[in-house]
Amino acid sequence: MESTTERTVAELIAARWGDHRPGLWFEGQTLTQHETAAGAAVRAALLADLLPPGAEPHIGVLLDNTPEYPMWLGAAALAGAAVAGINPTRRGAELARDILHTECRLLITERTRLPLLKGLDLPGVRLLVSGTEEYDDLLAPYADARPDASRATPADRLLLYFTSGSTAAPKAALCSQGRLAAAGRSLAEQFGLGPDGVHYVCMPMFHGNAVIADWAPALASGAGVALRRRFSASGFLADVRRYGVTYFTYVGRAIQYVLATEPRADDRDHSLRLGFGTEAGARDAVAFERRFGVRLVEGYGSSEGGAAVQWSPGTPPGAVGRAGPGLLVLDQGTREECPAAVFDPAGRLLNGDEAIGELVNRAPNPFEGYWRNPEAEAERRRDGWYWTGDLFYRDRDGYLYFAGRTDDRIRVDGENLAAALIENILARYEGAAAVAVYAVPDPVTGDQVMATIAGTFDPVAFTDFLAAQPDLGTKMAPRFVRVAERMPVTATNKIHRARLRKEGVRCADPVWWRPQGERTYRLLTEANALPHAEGPLAPTRGPSPVRRQGLEPRTR
């Protein structure tokens, strides 16, 4: 790995000037490291003339993963500006809100995204459309620009990336040049990433994962970058071979999608060494390594940078890593440290009600706040500590286990359950391509457990499966099972839990339920959707709680 002393992203960009090795691949196009740095310098010079004086130096980027994206990131770094990654799955007033909230004076987009902007009221926002004659004419006068990193400082704001927008207006987390450069160096050192590597950026670049965990370490180590316009499971291995990819990152269900492709005899014929990400799950990580010969490292890091847990050799199966200095699992009510987890011989968590709490970082951390959102900042920085909003438990050796988001906690008969634990068990069910577990209200008090399974479902086989799981607690079995053809996901391939919770049993898919005292599941229909303590809520006006067609059981 290259030895770097650069403290800003601007310095990392400038260091690529004069490096004529291949540095960026995209759809048959190859740019050298020098050409990529030159492209950033040209756009930085344009920015200096286009950004209104006195305004926040923010530019919105509404692009697929094309070469324009990393060049505009580099341009912003050189110009002392910041990029707001705009999520193309947002629509109408929500999309306009994101652009205006981050005070973008320029919006960089492409022809295919123009329909999203039609009819939006975006006062004070200038639109630049890449690939047009007007766009090329704007860049032409700056063709001789060279990258100058002298104006950048580590404290300069560089990223405003949206997070946690499933139930309310998303928050724009801040990331400085210094933090992004440091994150790139840290990951490059942790994984031994060097200048001969090729990083595959297939996750969307408007999200922190692709920029912080994939592009930044490539920049810090001098590695090349292969861009995929949008993630494609069927194109994954072909891209790895075409570009000689050695490292990639993932989030959400990306690994499941790749595993769902047809196996081939040459699945191990490639250059890939390592994948780094979140939410693949232990089962899929094992399956991926068995099939492709590639180790996946499941890490944990809050999007905002306030806490991180690193995997290390010796980490037990299912654990994320050992708790570092300052990281504690605290009871949300008493704010006292939760006791260590106790397991039975089958690995079942026996004291989840006491052991599961919120992960809190009481040590100094690089969280830099949210743009124009003091309430959200205060929630994260309670008592001067960083509260992650994520549930964990720890074993007696200090290893941490992820248990879901704080709003994933399910309280059944006075006992707190963690959705992530139940999901890990249900993922073993043969018919499940994907599983999500969440709470629905109990008619009397607390919650009941509901699961959505994407795949096939046989009520008898599923009941037998539950009975055979030694680590499934008595209150963990789902009362309701929604059977879907595919799991609803967010723009970053994460399961859209907020939508599932909101729809509950009143959804367009078949729902099976197990009444109190009965062994197996029955199909939920209008006839049995009556109000009683152990059953679903009574029908209300609006959509029917069950689908009128397709009510026959799906069997394996």
Could you give every pair whose Cβ atoms fall below 6 Å, whose first residue belongs to segment 169-184 and is more than 20 Å from ARG372 (Cα to Cα) and in the same structural domain as ALA93 (by TED's automatic domain parsing), and whose second residue is at pLDDT 95 or above and part of a strand (DSSP E or B), counting only separations of at least 6 or pairs across chains? LEU180/LEU158
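Given the options THR261, THR249, name the one that is touching a helix residue (DSSP H, G or I) at 6+ places or on another chain (Cβ under 7 Å) and either assigned to a strand (DSSP E or B) or assigned by TED's automatic domain parsing to the domain that holds ASP196 (or both).
Unique residue meeting the criteria: THR249.
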Give me the pairs: first residue in segment 506-534 and among the small types (Gly, Ala, Ser), second residue modelled with pLDDT under 70 and part of a loop (DSSP other than H, G, I, E, B), beta-carbon distance under 7 Å, and six or more apart or on different chains, which are they? ALA508/ARG547; ALA529/PRO536; ALA529/ALA538; ALA529/PRO539; ALA529/PRO545
When every residue in segment 66-95 that is among the charged types (D, E, K, R) and farther than 21 Å from TYR200 by Cβ is compared, the one surrounded by the fewest Cβ atoms within 10 Å (Cβ to Cβ) is ARG91
Those residues of segment 484-527 which are among the hydrophobic types (A, V, I, L, M, F, W, C) and more than 30 Å from ASN209 (Cβ to Cβ), in sequence order: VAL505, ALA508, VAL511, TRP512, TRP513, LEU523, LEU524, ALA527
Before we move on, is THR153 farther than 27 Å from ALA55 by Cα, hydroxyl-bearing (Ser, Thr, Tyr) and in contact (Cβ under 8 Å) with a residue 40 or more places away in the chain? no
Only one of ALA265, ALA210, ALA223, ALA218 that is out of contact with any strand residue (DSSP E or B) (no Cβ under 6 Å at 6 or more places or on another chain) and of a type in the set (Gly, Ala, Ser): ALA265
Filter segment 329-351 for residues that are surrounded by 14 or more Cβ atoms within 10 Å (Cβ to Cβ) and free of Cβ contacts under 8 Å to residues at least 40 places away in the same chain; which is nearest to the chain's Cα centre (by Cα)? LEU330
Counting only strands (runs of 3 or more DSSP E) entirely within segment 407-482, those with at least 2 residues that are under 21 Å from VAL342 (Cα atoms) and either among the hydroxyl-bearing types (Ser, Thr, Tyr) or at pLDDT below 95 (or both) are 409-412, 415-418
Residues in segment 100-119 that are assigned to a helix (DSSP H, G or I), over 20 Å from TYR135 (Cα atoms) and in contact with a strand residue (DSSP E or B) (Cβ under 9 Å, 6 or more places away or on another chain) total 1
Among what's in segment 33-63 and is closer than 26 Å to ALA491 by Cβ and among the hydrophobic types (A, V, I, L, M, F, W, C), pick the residue that is surrounded by the fewest Cβ atoms within 10 Å (Cβ to Cβ). VAL61
Counted residues in segment 271-293 being over 16 Å from the mean Cα position of the chain (by Cα), part of a loop (DSSP other than H, G, I, E, B) and surrounded by 20 or more Cβ atoms within 10 Å (Cβ to Cβ) come to 1
Report, by residue number, each residue of segment 185-196 that is touching a residue at least 60 places away in the same chain (Cβ under 8 Å) and of a type outside the set (Lys, Arg). LEU187, ALA188, GLU189, GLN190, PHE191, GLY192, LEU193, GLY194, PRO195
Give ARG146, ARG179 a once-over and let me know the one that is charged (D, E, K, R) and in contact with an Asp or Glu (Cβ under 8 Å, 6 or more places away or on another chain). ARG179
Pair list, Cβ under 6 Å, 6 or more apart: segment 483-496 residue in a loop (DSSP other than H, G, I, E, B), other residue hydrophobic (A, V, I, L, M, F, W, C): ARG486/ALA454; MET487/ALA434; MET487/ALA454; MET487/ILE495; THR492/VAL251; ASN493/ALA254; HIS496/VAL489
Residues (closer than 15 Å to ASP407 by Cα and over 28 Å from the mean Cα position of the chain (by Cα)) located in segment 438-467: GLY446
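The values are calculated or read from the model by the stated rules, or taken from the named source; none is laboratory data. The structure displayed is predicted, hence computed values, not measured ones. Using ideal geometry, Cβ is built from the backbone for each residue, glycine included, and neighbour counts are taken over all protein chains shown.
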